[in-house]
Amino acid sequence: MAITISLGFGLIVGIFGPLLEPMGNPVSDAVSVTLVAGWMYALVAYIAGWVARSWLKAALTAWGALVVTVIAYYVTKATQGDFRVPDFDDPTNHAEVFSWNEFLSMVVVWSIFATVLGPLCGLAGYFSRTGFGTRRPLLQLPFRLVIPVVVIVETTKRLSVEASHQDGGVVGPVWTIARLVAVAVALLLIVLSVVSTRCSSRAADVPPTSDANPVPR
């Protein structure tokens, strides 16, 4: 079930990101921009690790899910007409051929990135749930903050570099909303962890009580 969920989510992200891009309406553009974001790929691996039953399965499943996502993305782009180059053997100079070298090089490069980053995000997802077996909120908190931090960093960089060069009517608001949501989620996770830790400490300080009646002498 964990593998099915991870691969299914990866396929959805990898296929529908580029598939929605050419539709040309604000909703599909916003969804496409979100699905092709780097933090969404990190989320694929993170969820794969979160649903895994061991740290080893978390790393392996996250790696596999991220590689599947990368391949699905570039296969979808290929079916849309990308990776086509002019056929220089055609005397009319109008024919095009599929560039396997360009296609395979992109798949290999990003699969290498997936091999490096996938297991790391998968382990973060796994330990965000297990907390090294202790389930202490403060130990789980750093791992739970991984995705919000990635979102904040990526959206901040994209807003300062890319948003002005793209369709600002869609890209800018998408990055802004994503960053605001990430900040809100991070603050919420911090507050919940502090409250849970304080409640656990108070419960540990309360001495145990016995319901047994004292025996008269």
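With respect to residue 42, is the statement that it is of a type in the set (A, V, I, L, M), open to solvent by less than 30 Å² (accessible area, probe 1.4 Å), under 19 Å from residue 146 (Cα atoms) and not in a helix (DSSP H, G or I) true? Steps first, please.
Values: of a type in the set (A, V, I, L, M): yes; open to solvent by less than 30 Å² (accessible area, probe 1.4 Å): yes; under 19 Å from residue 146 (Cα atoms): yes; not in a helix (DSSP H, G or I): no.
No; evaluated as a whole, the condition is false for this residue.
Could you say whether any residue in segment 70-79 is among the charged types (D, E, K, R), surrounded by 14 or more Cβ atoms within 10 Å (Cβ to Cβ) and within 20 Å of residue 1 (Cα to Cα)?
Let us first name the residues in segment 70-79 that are among the charged types (D, E, K, R), namely 77.
Adding the requirement that they be surrounded by 14 or more Cβ atoms within 10 Å (Cβ to Cβ) leaves 77.
Still in the running and within 20 Å of residue 1 (Cα to Cα): none.
Checked segment 70-79: no residue is among the charged types (D, E, K, R), surrounded by 14 or more Cβ atoms within 10 Å (Cβ to Cβ) and within 20 Å of residue 1 (Cα to Cα).
Select, from 7, 66, 56, the only residue that is among the aliphatic types (A, V, I, L, M), open to solvent by less than 40 Å² (accessible area, probe 1.4 Å) and part of a helix (DSSP H, G or I). So that I can check it myself, show each step before the final result.
Details: 7 fails: open to solvent by less than 40 Å² (accessible area, probe 1.4 Å); 56 fails: open to solvent by less than 40 Å² (accessible area, probe 1.4 Å).
Exactly one residue qualifies, and that residue is 66.
Being in a helix (DSSP H, G or I), of a type in the set (Gly, Ala, Ser) and at pLDDT below 90 is the filter; apply it to segment 169-202 and report the residue that is farthest from the chain's Cα centre (by Cα). Show your work before the answer.
Step one: filter segment 169-202 for residues in a helix (DSSP H, G or I), giving 171-202.
Then drop every residue that is not of a type in the set (Gly, Ala, Ser), which leaves 172, 178, 182, 184, 186, 193, 196, 200-201.
Going one step further and asking which of them are at pLDDT below 90, we end up with 172, 196, 200-201.
Numbers: 172: 20, 196: 26, 200: 31, 201: 33 Å.
Once the filter is applied, the top-ranked residue is 201.
Against the conditions (1) closer than 30 Å to residue 131 by Cα; (2) touching a Ser or Thr at 6+ places or on another chain (Cβ under 7 Å), where does residue 20 fall short? Just the number, please.
Checking residue 20 against (1) closer than 30 Å to residue 131 by Cα; (2) touching a Ser or Thr at 6+ places or on another chain (Cβ under 7 Å), the one that fails is (1).
Please determine whether any residue of segment 88-104 is closer than 30 Å to residue 146 by Cβ and either assigned to a helix (DSSP H, G or I) or without any contact (Cβ under 8 Å) to a residue 40 or more places away in the chain (or both). Spell out the reasoning first.
Here is the first cut: in segment 88-104, the ones closer than 30 Å to residue 146 by Cβ are none.
Taking every residue of segment 88-104 in turn, none turns out to be closer than 30 Å to residue 146 by Cβ and either assigned to a helix (DSSP H, G or I) or without any contact (Cβ under 8 Å) to a residue 40 or more places away in the chain (or both).
Got at least one residue in segment 112-121 being of a type in the set (S, T, N, Q), open to solvent by less than 20 Å² (accessible area, probe 1.4 Å) and more than 26 Å from residue 162 (Cα to Cα)?
To start, the set of residues in segment 112-121 that are of a type in the set (S, T, N, Q) comprises 115.
Next, from what is left, pick out any that are open to solvent by less than 20 Å² (accessible area, probe 1.4 Å): none.
No: segment 112-121 contains no residue that is of a type in the set (S, T, N, Q), open to solvent by less than 20 Å² (accessible area, probe 1.4 Å) and more than 26 Å from residue 162 (Cα to Cα).
The values are calculated or read from the model by the stated rules, or taken from the named source; none is laboratory data. Remember, it's a predicted structure, so these values are computed and weren't measured experimentally. Every residue, glycine among them, receives a Cβ derived from its backbone with ideal geometry; neighbour counts consider all protein chains shown. Accessible surface areas use protein heavy atoms only, side chains included; no ligands, DNA or RNA. Shrake-Rupley method; radii C 1.70, N 1.55, O 1.52, S 1.80 Å.
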